[in-house]
Structure formats: C-alpha cells, structure tokens
Amino acid sequence: MILTLEGVSKHFGAFKAVKDLSFSVTEGEIVGFLGQNGAGKTTTLRMVMDILPPTKGRIELFGSKNLRDGRLKVGFLPEERGLYRKMKAVDTIAYFGRLKGVPGKTAKKRANELLERFGMTQYAQNKIETLSKGNAQKIQLLSVLTHAPKFLILDEPFSGLDPVNQKLLEDLISDLRKEGATVLFSTHTMEHAERLCDRFVMIKAGEKVFEGTIEEARDAYERRLILATPDDPQRLVGHAGITAVTPLGRDRYALSVQEGTDSQSVLAAILAAGIHVISFGREEARLHDIFFRLAGADQTQEQAA
C-alpha cells in the first residue's frame, strides 16, 4: 500500500478541519481527492507530507509510520506555487532535485531529460519570470519529478490555468500514468477527475462522504428517469413511485422517483396510462452532478471559486 489514512483528524482549537478520515492509495492508480474549497483537502495532504501533525489517527507512507522517510519517495506539488522568478527553467528543475538528494550533475541531466520528454526544451534557458503562467506551472510539476518519485501528490494542480493549459497538464499526468505512476490529486473541478482518475475520495466539511469508482458513485446517486413523449405525463405523479415530473424541453421529461423504485414498474405505469413512449431510460449521471449531491456543494459557490 502506498498511502493509508486511518481515523485521521485535525483540530485547530475548537475547529475540526478533518474528522475521522480513512482511505488508501494503492500502487499504480490515480485517485482524485474531491471536495469544495475549505473541505479539508489541503490540510489532509499537509498531514500526509508531515507538514502538519494529525490530532489523532494513523498515517502510513509505503507501509511506514515514519512519514519523514517516506517523503523522499514523494513528489509533492503544493497548492501555493513557489518558484524563483530569476532562475532559469532547467536550473529550477535541477535545484528541486538536489533538495531531494539528487547529485548536482545528475539533477541537471534529469532536468534536461524532463524538458525534452515533455516538449519544453525551448524554455530550458528562459527565466521563470518570462514564462506564461501555464508553462511556469508545468515547470513546477517537472520539478517534483527530478528525483523519480514513486508517488505524486498534487494539490489543486489545475487551479488558475486557462482551458488550453489545463488540457496540456492533463496530458502530462496521463503520460505519467502510462508509465505506471501512482498519483493522488485534489481538485474541486470534476471534469479533470472524471477523465483521469481510477477512484475518488469525496469529503465534505472534513468528513468522507464517498470512496470508490465512478460507477460506484453513479450507483450511489439517485439517477432520474428520462421519458420522451409527445403527451403530457404529469398525471403519472403519485403512481409507481413517481414523485415529480419536470419538463426538459422538446417532449422530454425527467421523472423523479422514490428510492428503490424499479424502472420497469415505472414503464409499465406509463404504458398503462396510455402515454406514447418515444424513449425511456435512466439518466447517466456526471461526476459533476454526483459531487453536488454527495458533497453538498453549491454550483454558485464553485463558479465563484
């Protein structure tokens, strides 16, 4: 096991930032750590990196409780970016490698290899201050790869990037995945997590509300039934567990049903009512929708963030 948290809590005085949190990360998988801003994601990652001590609970890196030793095998990209603006890109990458114990010449060699591998050789001699925000962020990410870490922890890696650079960063993470990287990254942007992750851990106000795959998340989400018909299906409310009918436009309606309602019994009720059916089925929930349901997020808050 790469990472294990068991019953981990972090209190700041009376404020409980993280509450009895347990989850794990196994070798070779990409795990999304999801939650609203202020949910406790960064605090959790700082505890994993031994920057903050937990108030209670157990954290193990690579099977050891000695987190300081485990940190040498981790590439950590913090939410607060920190690059020396006057330093050249290649020197920046090499410098962070040396901080992790890589000898100077080896660090410089690896820095050049990373720049070439990810198509950034042309920026090697550029000072950080001359780079675009997206390229500077990619240099920051490359700087945590110099010591060939076995485990990458990325805290909001897409924050502040425009859509083009978000896609480029996604591609970089995908390339690392193909090489067998183990990655844990936090985000409140569901689209990246849905495309990249094998599993998800969702937290709300410091507490875990879900852990599993996207399909398991969809099973936990109350998916609506979608009916396409030229008729008015409002008369179905109160029958076969149907609690509400919401028009979606163009002869499409969403049927809200009671928990545990079988879709076949709903279809039978629709046909018995003499309603013509063009199509009928369950709505395929997006991770975006599941997040708002399970994590209790408000879409206006996310857009403001």
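Taken together, the values in this text are just the output of simple stated rules run on the coordinates, not laboratory data. What you see is a predicted model; the values in this text were computed from it and never measured. Using ideal geometry, Cβ is built from the backbone for each residue, glycine included, and neighbour counts are taken over all protein chains shown.
Below 8 Å between Cα atoms, with a sequence gap of 6+, how large is the relative contact order for segment 95-188 in percent?
32
Which net charge results for the neighbourhood of LEU61, defined as the other residues with beta-carbon distances under 12 angstrom from its beta-carbon, given Lys and Arg at +1 and Asp and Glu at -1?
So the surrounding residues net to +3.
Can you give the local net charge around PRO157? Use residues other than it whose beta-carbon is closer than 11 angstrom to its beta-carbon, Lys and Arg +1, Asp and Glu -1.
Once positives and negatives cancel, what remains is -2.
Tell me the net charge near HIS11. Cut-off is 13 Å between Cβ atoms, HIS11 excluded, with +1 for each Lys or Arg and -1 for each Asp or Glu.
Spelling it out: positives minus negatives among the neighbours equals +3.
Given a cut-off of under 8 Å on Cα pairs at least six residues apart, what relative contact order in percent is computed for segment 222-284?
48
With a bin width of 10 angstrom, please list the P(r) values of segment 49-208 as percents of all Cα-Cα pairs, from the 0 bin to the one holding the largest distance.
Taking every Cα pair in segment 49-208, the percentages come to 10, 37, 37, 15, 2.
Taking 28 Å as the cut-off for C-alpha to C-alpha distance, list the pairs among LYS41/LYS100; LYS109/LYS150; LYS41/LYS65; LYS10/LYS178 that go past it.
Violating the 28 Å Cα-Cα cut-off are LYS10/LYS178.
Could you pull out every residue, at least 5 positions away or on a different chain, whose amide H is within less than 5 Å of the one on GLU29? Hs are placed 1.01 Å off N in the peptide plane, and Pro or chain starts have none.
For GLU29, whose amide H was placed from the backbone, the distant partners under 5 Å are VAL183.
Mind checking which of VAL18, VAL144, VAL257 has the largest fluctuation in a GNM of the chain, springs on alpha carbons under 10 Å?
With Cα springs under 10 Å in the chain, the top fluctuation among VAL18, VAL144, VAL257 is at VAL257.
Hey, got the Cα dimensions of segment 222-284 along the principal axes, in Å, largest first?
The principal-axis extents, from largest down, are 27, 25, 16 Å.
Tally the DSSP beta bridges in the chain and give the antiparallel ones as a percent, rounded to 5.
In the chain, DSSP labels about 65 percent of beta bridges as antiparallel.
Using the 10 angstrom Cβ neighbour count as an exposure proxy, how do TYR123, TYR84 rank, fewest first?
Least crowded to most crowded, the residues run TYR84, TYR123.
For the chain, what does the helix formula give at 222 nm: sum of -39500 (n - 2.57) over DSSP H segments with n ≥ 4, over the residue count, nearest 500 deg cm²/dmol? If you can, show how the numbers build up before the last one.
On the way: 11 runs with 102 residues, N = 305.
It comes out at -9500 deg cm²/dmol, rounded to the nearest 500.
Taking only C-alpha pairs under 8 Å that are 6+ residues apart, what is the relative contact order of the chain in percent?
The value is 20 percent.
Taking segment 8-100, which GluC sites (Glu not before Pro) meet the DSSP loop condition and have no more than 13 other C-beta atoms within 10 Å?
Loop-located and lightly packed - GLU27, GLU80.
Mean-square fluctuation check for the chain, GNM, Cα pairs under 10 Å: which of ALA111, ALA272, ALA240 is largest?
So, out of ALA111, ALA272, ALA240, the one fluctuating most is ALA272.
What do you get when you divide the Cα radius of gyration of segment 1-112 by 2.2 N^0.38 Å, with N the number of residues?
1.24
I need the per residue convex hull volume for the chain, using only the alpha carbons, in cubic angstrom as a whole number.
162
Antiparallel DSSP bridges in segment 97-218: what percent, to the nearest 5?
In segment 97-218, approximately 50 percent of DSSP beta bridges are antiparallel ones.
With θ set to phi - 60° and the Karplus curve 6.51 cos²θ - 1.76 cosθ + 1.60, what are the ³J(HN,Hα) couplings of segment 13-23 in order, to the nearest whole Hz, using x for Gly and Pro?
x, 7, 7, 9, 6, 10, 10, 6, 8, 9, 6
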